[in-house]
Amino acid sequence: MAMPSFRLLPWWKTTTVYQVYPRSFKDSTGDGIGDIPGIISKLDYLQDLGVGTIWFSPFFSSPQRDYGYDVSDYRSIAPEYGSMSDCEKLIQEIHNRCMYVVFDMVLNHTSNQHPWFLQSRSNRDNPRRNWYIWRDGQKPEGKKPPNNWKSIVGGSGWHYDEQTDQWYWAQFLPFQPDLNYRNPEVKEEMFDTIRFWLDKGVDGFRLDIINTIFEDENLRNNPFTLKLLPSEEFDKSYFQNKMYTINHPDNFTFVKELRCVMDEYSDPERFLVGEVAASLETLKKYCGEGRNGLKTEGLHLTFLFQSLNTNLDADTFRNLLSRYEQYFTEPHIPTWVFSNHDQTRRITKLGNDVNKAKLNATLQLTARGVPFIYYGEEIGMLNHRFSLKTAKDPIALKYSRLPGFLVNLLTRSGSILLNRDECRTPMQWNSSLNAGFCSKESEPWLAVEPRYETINVESEESDPDSLLQCYKSLLRLRRQIPALNSGSMRLIDLSTHKKSLLSFERRYDRQAVQIWLNFSNRRVQIDEVQEKAELIFSTLRESTPLSSSGIQLEAFQGIVLETHHE
Ligand code: GLC
């Protein structure tokens, strides 16, 4: 007898991930900074929302110059966020609710205040010297950087250190020196750090700029390119083709080794998601080929940032879906990400339009792949404009020194966010002063976005038409319907006059659902609907009924139909 060819996918392929930026989620102490006990007090909200996994931006010890992405001790918790026992309680409380927990691992660099770096920079003979990347400057005096390499944020990535008359390498900001993974001690230490957290029950890691782990050992200069603004793939920018500093082939081997560490753990299986801005081809190299056709051997997932700046139109998404399906068929799986702590919030890119945000969410939560939701995205939190000069974000401060015309040039495309404070404002829980993020007497670390009086969890909980209710319904469907969380995907061909429509089918065994999305600002008639189809979701509460002559979709409406197959 033939074995059934359908099986439910592992948990990390069917889950939905919710990103918490700990500093901005919920303050429990009155210092205006979010913290772990605050997060614990909101876990019921996240469970009720219906997400399966929570990813936390780092809360390890850190001088907080890049708000946690500059770690000074990977095995302790920054006191403003809580204690180790708060952290253990957090993991436990998440598991008690049958959810999973993902930590953010910054492997590429540490803070320059990390004791390793302080030792490393102290003198050339220090045993930790080779934990970072130190080189002599160019001859004759050595007062010029070792080569032409630029950091990913612009400017040379080499920084001169007078004390030992050498230069250290930093892919990101000068206070974030790169670790040297060509030194086996470093690799061993960081793999043990991963094990330390896995032993505590962490279910996965988001890997910060994992495509910058290795650089060319011979320090060959990067070639010139005409490109100023970062390309979608981030490997060409600021007039440099970063072939020797980004996506170095040794990275692909490194992630396989990391995968072996993860595979030491089972029940549940643990997973890695890499932050890599690259072409689909390169991204796939980070995942590796499927072993025995069943498992990949590198990263389980990589963010596919291709969706970040997509226009809300049918053609663009049709192309994107088919490219994802071409590159990420089983055992690979795409990810769907539209916002995060470095990006302009998606709804702001959509003109702060809630109907468009609902349509976008329908696509994100029904297409094949693992969706990542950024805190506040589910209630439609907007970007908040702040001036560059008074920013907290170190990137914004760096750019605030640039002449105005250059800032305008960089931001004009809308795809680069120079001041990341704009998308990191406190979570809006209710309409009281400070939006329920911290007490009314406290001053939040970043100002609350002014529209919090209407855009907040409490008001949207009681409004059946809200964006929050739309997310909840979609997440419920995603959990309950195997076709949506584990099924195959097929784009449905539509006649050419329906250019503004996108439709696809998800199928699992005999169960099929169809998703219909109207990307235009006009009503569209669909005739191609099966007679026995059943409407199981709509972004609009008042939807026209299904009839034998089809269904009409209003402007920017999205629906999900359950269809029947014999
Ligand atoms: C990643 C993080 C970003 C951080 C940077 C340096 O891009 O998402 O927030 O500033 O890496 O760690």
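Before moving on, here are some points about what is shown:
- When nucleic acids and ligands are ignored and a 1.4 Å probe is applied, HIS114 ends up with an accessible area of around 10 Å².
- Length released on extending from ASP136 to HIS95, taking residue separation times 0.36 nm less the Cα-Cα span: 9.8 nm
- Chain lengthening between ASN311 and ARG195 when straightened (0.36 nm per residue, less Cα-Cα): 37.7 nm
- In the calculated pair-distance distribution of segment 13-163, the portion above 22 angstrom amounts to 53 percent of the Cα-Cα pairs.
- Per residue, the convex hull spanned by the alpha carbons of the chain comes to 160 Å³.
- Annotation for LYS499 and GLN530: the two label points, set 7 Å from Cα along the Cα-Cβ direction, are 3.1 nm apart.
- Candidates PRO426, LEU553, SER473 compared by Cα position along the dipole of the chain: farthest toward the positive end lies LEU553, with charges placed on Cβ.
- Cα coordinate range in segment 420-566, projected on the principal axes (Å, largest first): 62, 33, 30
- Computed accessible area, PHE239, all protein chains, 1.4 angstrom probe, square angstrom: 90
- An ellipsoid equivalent to segment 320-453, defined through the eigenvalues of its Cα gyration tensor, has semi-axes of 29, 22, 13 Å when rounded to whole angstrom and sorted largest first.
- Segment 190-230: radius of gyration over Cα atoms, expressed as a fraction of 2.2 N^0.38 Å: 1.89
- Equivalent ellipsoid dimensions for segment 41-110 as semi-axes, Å, which come from the Cα gyration tensor, largest first: 24, 13, 10
- Diffusion constant of segment 115-169 at 20 °C, which comes from Stokes-Einstein with the Kirkwood Cα-pair radius and 1.002 mPa s, µm²/s: 185
- Per residue, the chain reaches -7500 deg cm²/dmol at 222 nm when only DSSP H runs of four or more residues are counted, each adding -39500 (n - 2.57).
- Rounded tilt (10° steps) of 249-263 against the dominant C-alpha axis of the chain: 70
- Shown for the chain: the carbon plus sulfur share of the solvent-accessible area, taken with all protein chains present and a 1.4 angstrom probe, equals 49%.
- Taking the C-alpha atoms only, the angle from helix 314-327 to the longest principal axis of the chain is near 60 degrees.
- For segment 484-566, pairs of C-alpha atoms spaced more than 20 angstrom apart make up 28 percent of the total.
- Extending 7 Å from Cα along the Cβ direction at ASP342 and again at GLU264 yields two label points whose distance is 2.8 nm.
- Zone of ASP31's modelled label, taken as backbone nitrogen in segment 64-93 under 11 Å from a point 7 Å along Cα→Cβ: 78-83
- Put ARG346, ARG195 in order of accessible area, highest first, and with a 1.4 Å probe you get ARG195, ARG346.
- Rg/Rg_globular for segment 285-339, with Rg_globular taken as 2.2 N^0.38 Å and Rg from C-alpha atoms: 1.23
- If R0 equals 51 Å, the separation of the Cβ atoms of ARG490 and SER442 corresponds to a calculated FRET efficiency of about 0.50.
- Distance (nanometres) between label positions extended 7 Å along Cα→Cβ at SER431 and GLU162: 5.8
- Estimated dipole of the chain in Debye, rounded to 20 [Cβ of Lys and Arg +1, of Asp and Glu -1, Cα centre]: 1280
The values are calculated or read from the model by the stated rules, or taken from the named source; none is laboratory data. It should be emphasised that the depicted structure is a prediction, and the values quoted were computed from it without experimental measurement. Neighbour counts are summed over all protein chains in view; Cβ atoms, including those assigned to glycine, are modelled from backbone coordinates with ideal geometry. Remember, those area values only see protein heavy atoms, side chains included, never the ligands or the DNA or RNA. Shrake-Rupley method; radii C 1.70, N 1.55, O 1.52, S 1.80 Å.
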